[in-house]
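Inspection log for the structure reproduced underneath, given as structure tokens.
Values quoted throughout were computed directly from the atomic coordinates according to the rules given, and no laboratory measurement underlies them. Predicted model, so just to flag it, every value in this text is computed and none were measured. All Cβ positions, even for glycine, are placed from backbone atoms using ideal geometry, and neighbour counts span all protein chains on display.
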Amino acid sequence: MSSTKQPWGNTVDVEFSDDIAFVYFNRPDKKNCMSPTLNREMFATLHALELDDRCKVVVLTGRGAAWSAGMDLKEYFRETDNESDAFKMRIREEAAAWQQIKLRNHAKPTIAMVNGWVFGGAFTPLTSCDLAIASDDATFGLSEINWGILPGGNVTKSVADTMGQRNALYYIMTGETFDGKKAAAMGLVNESVPAKQLGKRVRELAKVLMGKDPVVLRAAKEVFKRVRYMDWETANDYIYAKSDGSQHRSGGEFRHGAMKAFLDDKKLKPGLDTYKKDDGKGSKKAASPKKSGK
Ligand code: ACO
Ligand code: V55
């Protein structure tokens, strides 16, 4: 595993391993809460990884006991309370820029590897990741109400998307915590696994994603994130445009190879296996669906 020097600072760290970029919230002594500095460094990191060939999948995780304890109450709120309106708007914009725009629309597949505490503002990057695997012992909470604010920074919108109305309102209004298993049961994360298996399961999932046509995979997630806000006809049109566009940009080699392997060579069952460029055979390993431990 190699670690890069980070020209963008100390609050974020990146490790490259097996074509995966493990991006760390790197303020373990502050439970990885998000300061204005961290927000800027996360943007720079994620932006750079979009063009970094060592990164085929982004895994967002935390150093130490926390994934992220939310916005930094000291540096993000208290210390900016008396700044100008323009300054406050700027730090909000910098938070949204990485949490809601750069991460949500990232060029590479993204997986949240939830290793510990997740509070308040951390729900936004969590739900911006394409997929999420939690440790059973991770602890989640919409703690805003416990200290006198409502879930802002689009936390409310992100949980409306991922927790369902009953769960979202329950946790918004009570501020109670819940664990990884509960998060999986409500669909906030894909799966929850024992802490010891977290890294292994995430690597396995990343490997599955790396077996797909990357251009089409990117278009697939972009399409999903756009169409839910479109009317039926516009969505249909848009999906065809993105489908044609992604085939054009990828060259369609994967698609044609897979059709040949299935229709002519009878080597591949695309319902069960992923096409593999090298030999035209299905790669069973990459496609076999793994059930979670829940
Ligand atoms: N903002 C600022 N500092 C924080 C935050 C935060 N969100 N979370 C933790 N820290 C700091 C603590 O102040 C402490 O700093 P210090 O060592 O300089 O005193 C350090 O991180 C360690 O935290 P402890 O509270 O000592 O750790 P403990 O393990 O006892 O508790 C816990 C961990 C439960 C995460 C606790 O720190 C906590 O409740 N944090 C706040 C969680 C929260 O409500 N976040 C805000 C959500 S709302 C929003 O994001 C808009
Ligand atoms: C939150 C709140 C914010 C913000 C980012 O509740 C995250 C989380 C009230 O402002 O800017």
task = Answer with one residue from A21, T11, G64: the one whose Cα lies farthest towards the positive end of the charge dipole of segment 10-93, charges on Cβ with Lys, Arg +1 and Asp, Glu -1.
result = G64
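Tally the DSSP beta bridges in segment 1-126 and give the antiparallel ones as a percent, rounded to 5. List each step's numbers first, then the result.
Numbers: 8 of 20 bridges.
Beta bridges within segment 1-126, antiparallel portion: roughly 40 percent.
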remark   = Checked segment 48-171 against the a/c 1.5 cut and the a/b vs b/c comparison, axes a ≥ b ≥ c from its Cα gyration tensor; verdict oblate
note = per DSSP, antiparallel bridges as share of beta bridges in the chain, % nearest 5, sits at 40
key: Net charge dipole size for the chain [Lys, Arg +1 and Asp, Glu -1 on Cβ; Debye, nearest 20]   = 1040
Potential extension, Y170-I149 segment - 0.36 nm per residue separation minus Cα distance = 6.0 nm
query = Mean 1/r over all different Cα pairs, inverted: what Kirkwood radius does segment 1-121 give, in Å?
reply = 14.6
ask   = Residue by residue through segment 18-27, which ³J(HN,Hα) values in whole Hz follow from phi under the Karplus form 6.51 cos²θ - 1.76 cosθ + 1.60 (θ = phi - 60°), with glycine and proline marked x?
value = 6, 6, 9, 9, 8, 9, 9, 5, 10, 10
inquiry  = Could you give each residue of segment 71-82 its phi-based ³J(HN,Hα) in whole Hz, using Karplus coefficients 6.51, -1.76, 1.60 with θ = phi - 60°, and x for Gly or Pro?
reply    = 5, 6, 5, 7, 7, 8, 9, 4, 6, 10, 3, 9
task = Wrap a convex hull around the Cα atoms of the chain, take a quarter of its surface area, and give that in square nanometres.
result = 16.9
remark   = Taking the dipole of the chain about the Cα centre (Lys, Arg +1; Asp, Glu -1; charges at Cβ), the one of V202, I149, A95 that reaches farthest to the positive side is V202
request  = Have a look at M259, G175, L126 and report the one farthest towards the positive end of the charge dipole of the chain, computed about the Cα centre with Cβ charges (Lys/Arg +1, Asp/Glu -1).
outcome  = M259
query = Say the cut-off is 29 Å between C-alpha atoms; which of K31/K88; K182/K277; K88/K200; K196/K225; K212/K266 go over it?
reply = K182/K277; K88/K200; K196/K225
ask   = Amide H to amide H under 5 Å from M71: which residues, 5+ apart in sequence or cross-chain, H placed 1.01 Å off N in plane?
value = M34, G121, A122
query = Under a straight-distance cross-link criterion of Cα-Cα below 19 Å, which aspartates and glutamates are reachable from K242, leaving out those fewer than 8 residues away in the same chain?
reply = D130, D213, E222, D231, E233, E253
